[in-house]
Amino acid sequence: MPNTYTQLYIQIIFAVKGRQAFIRELFREEIQKYISGIIKEKRQKLYAIYCMPDHTHIFVSIKPDIAI
């Protein structure tokens, strides 16, 4: 269908097993870069990412051709 526009925003929050504080500040940025690379490789748009010591927040827009 011509001129169809879809805009999907997803907030993803996931935690480490048992919500233990395994994500240390020392390698927080590296984890964020790794996850960002996966999202970029899938050709989706990342708006925000932040790793807390026991969980991670990701805000991304996805194209309708990818399964959630």
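Read the figures in this text as sums done on the coordinates, not as results from a lab. Keep in mind that this is a model prediction, so the values were computed, not measured. As a convention, Cβ positions derive from the backbone with ideal geometry for all residues, glycine included, and neighbour counts pool all protein chains shown.
In table form, for the structure just shown:
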quantity: In the chain, chymotrypsin sites (Phe, Trp or Tyr not before Pro) in a DSSP loop with at most 16 other beta-carbon atoms within 10 Å; calculated: TYR5, PHE22
quantity: Cα→Cβ-extended label distance, 7 Å offset, between LYS45 and ASP65, nm; calculated: 1.7
quantity: Helix axis angle, 25-41 relative to the chain longest principal axis, alpha carbon, degrees; calculated: 20
quantity: Extent along principal axes [Cα atoms of segment 1-58; Å; largest to smallest]; calculated: 48, 20, 15
